[in-house]
1. Can you give me the number of residues within the range 38-73 that are within 21 Å of residue 13 (Cα to Cα) and without any contact (Cβ under 8 Å) to a residue 24 or more places away in the chain?
2. Is the range 46-60 home to any residue that is buried (at least 20 other Cβ atoms within 10 Å of the Cβ), within 20 Å of residue 94 (Cα to Cα), in contact with a strand residue (DSSP E or B) (Cβ under 7 Å, 6 or more places away or on another chain) and at pLDDT below 95?
3. Restricting to the range 61-70, name every residue that is surrounded by fewer than 20 Cβ atoms within 10 Å (Cβ to Cβ) and under 20 Å from residue 83 (Cβ atoms).
4. Go over the candidates 38, 85 one by one and state the one that is under 12 Å from the mean Cα position of the chain (by Cα) and modelled with pLDDT under 95.
């Protein structure tokens with residue numbers, strides 16, 4: 001089984017913050033899922049629909065949508081679509097590591 005690394009901050013601070021303060025364990029799960037699909041594979045972005053994320057995490061689609069709203073508001077995930085009906089692309093941000101990941105998709109927003 002493959003493994004992946006996360007910043008200490010993700011477990012030491014972000015877990016408590018999202019689950020305790022925002023009362024959204026789903027936001028932490030979605031963040032961790034997207035981290036694995038991006039940083040865990042040395043990629044800048046992941047194209048996944050809300051339905052696909054829900055299926056992969058075991059969450060409901062509405063829980064994924066709410067989780068992404070929280071992650072967007074906190075600046076932890078950036079998502080964009082090429083057009084309204086396109087599957088979104090997601091990029092995990094690490095503001096504690098010196099700001100937003102400016103290389104993620106500057107021209108894709």
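The values are calculated or read from the model by the stated rules, or taken from the named source; none is laboratory data. In this text the structure is predicted, and so the values were computed from the model without any measurement. As a convention, Cβ positions derive from the backbone with ideal geometry for all residues, glycine included, and neighbour counts pool all protein chains shown.
1. Total meeting the criteria: 3.
2. Scanning the range 46-60 turns up at least one residue that is buried (at least 20 other Cβ atoms within 10 Å of the Cβ), within 20 Å of residue 94 (Cα to Cα), in contact with a strand residue (DSSP E or B) (Cβ under 7 Å, 6 or more places away or on another chain) and at pLDDT below 95.
3. 65
4. After applying the criteria, what remains is 38.
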